[in-house]
Every structure is written in C-alpha cells, then in structure tokens.
Amino acid sequence: MRPLIIFYILVVYVFLSFLWWSYLLLDSNKEIFKYKQELQQQSTSENYYESEDFLQLKTKYNKRIGMIVGEGAVFLVLLIIGFGMVHKSYRKEDFLNQQQKNFLLSITHELKSPLASIKLALETLKKPNLTAENKKVLLANSLEDVKRLDVLLENALLALRFEQKSYQYVNEKIDFSALLQNVLDKMKSVSTDNINIKSSIDTDIYFTGDRQAITSVITNLLENAVKYSFDNAKIFISLSQHDGKTIFSVADNGSGIPIKEKENIFKRFYRIGDESTRKVKGTGLGLYIVEQVVKNYNGKINLKDNDPNGSIFEIILPSRA
Ligand code: ADP
C-alpha cells in the first residue's frame, strides 16, 4: 500500500505543479503583452488601438495563449493516460500477488489435512490388536486421502501447463455420456454428505478430445456443486446434444455467485471471500482449468443463477463426434 500512497502524492504534486506553471506562463504572456502595448502606445501618435502594430501584437498574444493551452491540454491528456496505465498495472500486479498468497495458504492447508490423517492412520495401523475391519476402514480412508492429494496435484500441474501453454491435448474418441456417468457414480459412492444428485444424461454422446481435460471439466464442476451447496443439496446434471452442439450443465441450490464475482471466479487462484474466513476447501484452480479447456475447444460457458438459489454452469461445446 505504501508505494501506492507515494504514487498518489506524486500524481497530485505533478498535477498541481503543472497547473501552476501553466498559470505562470499565461500570466507572463499577459504581462509581456501589456508592456509591449504600453511601449508601442508611447511611440504612436494616431489612434493606437486601430493601428497595424496593435493588431499584430494582439494576434501574437492570442496565438501564444492558444499554443500554451493546446500543448498543455495534450500534455495533460498524456499525463492522465500514463498515470492511468501505471495505476492499472499496479492494481493488476497487486491482485495477482494477493491471489498467489491465497493459493499458497490454501494449498498448504489442502496438503496438510490429508497428510495428517494418513499419518494418524499409519500410526494406528502399527498398533497390535486391531481388528481386520478396523484395518480395512483405515486403509480405505487413507486411500481416499491419497486420491484427494493426487487430484489436487493433478489440478495444480494442469493449471501450470495451461498457463505455460505447454499442455499437449491428445485426441481420442470419448464416450462423453459414459465418462460423465462414471465420474458421477464414483462421486456418489464416496460422498458421505446428504446430497441429492439427479441427472438426465443422454446416451451415446461422443466427443473427440482429450480425456484428462474433459474429465477435469466434469470433476471440477461436479465437485464445486457439492462443495458450495448447503446441507440438503440438490444437484441436477444434464448432458444432451442440440443443433450440432454438446451441452453439459450442472445446477445446484447452493450459495450462488454474486454478479460482481461472475467474471473473477474463472481467474487463476481466485476464490470468493478471504482465505482466512473461507471454510470450504479449494485452491481457486478448478474453474480456471474449466475455462481453459472449453476455450481450447471453441466452446462457451454460461453461468446463470438457479431458482430460487444456487448456480447453473452450462458448457456448450461444438460437436466433435
Ligand atoms: P475452488 O473451488 O478450488 O476454490 P474454483 O476455481 O473451482 O476454485 O472456484 C472459484 C470460486 O468460485 C470458488 O472459490 C467459489 O467461491 C466460487 N464457486 C465455484 N463454483 C461455485 C458454485 N457451484 N457455487 C457457488 N460458488 C462457486
């Protein structure tokens, strides 16, 4: 914040001194005009104000005023544009710094909790007299934690590759309907929350594209719908084809997204609210990945408000069967 305050002080100083120097220039121009006029008046006997000398002097005086005002205006406009650009880029940099700080905070948190529970499970497994059933539960939970870490790192890696434009999209014919059903079934089987997921998935919808990228789009949208929903979440998923387009949508009745945040949420690391006050886990990479993949296939994302509350994410992809 300190450099920004210094910058503002500098801007005010430059503007004030600019106005002061302009005023001084205009004033001295006026004084010169007055002195010259007096000098000429003394040496002219006839009606001075109708003389050629006076008219020439007056024209020169007006020209100078025009020049000072004109050049001053150009300088002022350039100054405003320059300061505006510096201010904008500072804000952008500041925003990115803040998001990166948030990301570091959230990723450490995200890594810490599964690691802590895996550590605890391993320590418990070392103990004698554990029943086979207990061992099974501990192993299953640890495996879930490892999978969570895997997904987390996969997302981070994917986002990094998109950012560096180094991700190599592989083309294969994907059964979109089966893939979606698969992700959905897996999600339902591990979910312990009270979530009501309904779906309308048209069969035999194919898409020629990158399996990992498309899976990531589906997973991120579904996970967000669950994460940002209330206790009795109702989620509706649909997949269909219309007019040569594949339409995949995820609707939830969760917290919804305020209008002013609708553009921001697709930015890298961006999470609504403050990291310290946020309770829901996340890194702010999910929707960035979704947008990158959809853009790559020349698709579109529509983000609508659900009725009475919640959000609807609609992905429209050109058919690539
Ligand atoms: P993450 O979920 O890891 O924070 P995302 O990029 O997936 O990151 O989402 C960015 C932000 O958008 C989230 O932090 C959340 O505030 C908001 N968001 C995403 N999906 C939803 C949703 N279905 N309902 C409400 N808010 C959402």
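Please go through the stretch 1-42 and pick out each residue that is basic (Lys, Arg) and surrounded by 12 or more Cβ atoms within 10 Å (Cβ to Cβ). Once the filter is applied, which keeps residues that are basic (Lys, Arg) and surrounded by 12 or more Cβ atoms within 10 Å (Cβ to Cβ), the stretch 1-42 yields Lys30, Lys36.
In the stretch 204-219, which residues are buried (at least 19 other Cβ atoms within 10 Å of the Cβ) and over 15 Å from Gln181 (Cα atoms)? Listed by number, the residues that qualify are Gly209, Asp210, Ala213. Residue check: is Glu46 open to solvent by 70 Å² or more (accessible area, probe 1.4 Å) and farther than 30 Å from Arg271 by Cα? Spelling it out, Glu46 is indeed open to solvent by 70 Å² or more (accessible area, probe 1.4 Å) and farther than 30 Å from Arg271 by Cα. When the stretch 245-300 is filtered for residues that are closer than 29 Å to Asp204 by Cβ and either within 8 Å of the ligand (Cβ to nearest atom) or of a type in the set (A, V, I, L, M, F, W, C) (or both), the ones remaining, listed by number, are Ile247, Phe248, Val250, Ala251, Asp252, Gly286, Leu287, Ile289, Val290, Val293, Val294. Would you confirm whether any residue within the stretch 277-297 is part of a strand (DSSP E or B) and either free of Cβ contacts under 8 Å to residues at least 60 places away in the same chain or touching a strand residue (DSSP E or B) at 6+ places or on another chain (Cβ under 7 Å) (or both)? No: zero hits.
Restricting attention to the stretch 63-72, does a residue exist that is touching a Lys or Arg at 6+ places or on another chain (Cβ under 9 Å) and surrounded by 11 or more Cβ atoms within 10 Å (Cβ to Cβ)?
Taking the stretch 63-72 as the starting set, the residues that turn out to be touching a Lys or Arg at 6+ places or on another chain (Cβ under 9 Å) are 65.
Then drop every residue that is not surrounded by 11 or more Cβ atoms within 10 Å (Cβ to Cβ), which leaves 65.
Checked against the condition, which is being touching a Lys or Arg at 6+ places or on another chain (Cβ under 9 Å) and surrounded by 11 or more Cβ atoms within 10 Å (Cβ to Cβ), the stretch 63-72 yields at least one hit.
Residue count for the stretch 231-241, restricted to those that are open to solvent by less than 30 Å² (accessible area, probe 1.4 Å) and of a type in the set (Asp, Glu): 0. Within the stretch 301-313, count every residue that is within 12 Å of the ligand (Cβ to nearest atom), under 25 Å from Phe207 (Cα atoms) and of a type outside the set (Phe, Trp, Tyr). Of the residues in that region, 4 qualify.
To keep it simple, each residue is scored yes or no on (1) hydrophobic (A, V, I, L, M, F, W, C); (2) open to solvent by less than 70 Å² (accessible area, probe 1.4 Å).
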residue	(1), (2)
Ser229	no, yes
Asp243	no, no
Val250	yes, yes
Asn253	no, yes
Glu263	no, no
Arg268	no, yes
Ile289	yes, yes
Lys295	no, no
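Just one of the listed residues (Leu160, Leu184) is modelled with pLDDT of 90 or more, farther than 21 Å from Ser319 by Cβ, hydrophobic (A, V, I, L, M, F, W, C) and open to solvent by 50 Å² or more (accessible area, probe 1.4 Å), namely Leu160. Residues of the stretch 109-134 being of a type in the set (Ser, Thr, Tyr) and surrounded by 10 or more Cβ atoms within 10 Å (Cβ to Cβ), which ones? Ser113, Ser117, Thr124 - these are the residues of the stretch 109-134 that are of a type in the set (Ser, Thr, Tyr) and surrounded by 10 or more Cβ atoms within 10 Å (Cβ to Cβ).
The values are calculated or read from the model by the stated rules, or taken from the named source; none is laboratory data. This structure is a prediction, so every number in the text was calculated from the model and none was measured. Here Cβ is always computed from backbone atoms with ideal geometry, including for glycine, and neighbour counts include all displayed protein chains. Note: accessible area is taken over every heavy atom of the protein model, side chains too, but ligands, DNA and RNA are not part of it. Shrake-Rupley method; radii C 1.70, N 1.55, O 1.52, S 1.80 Å.
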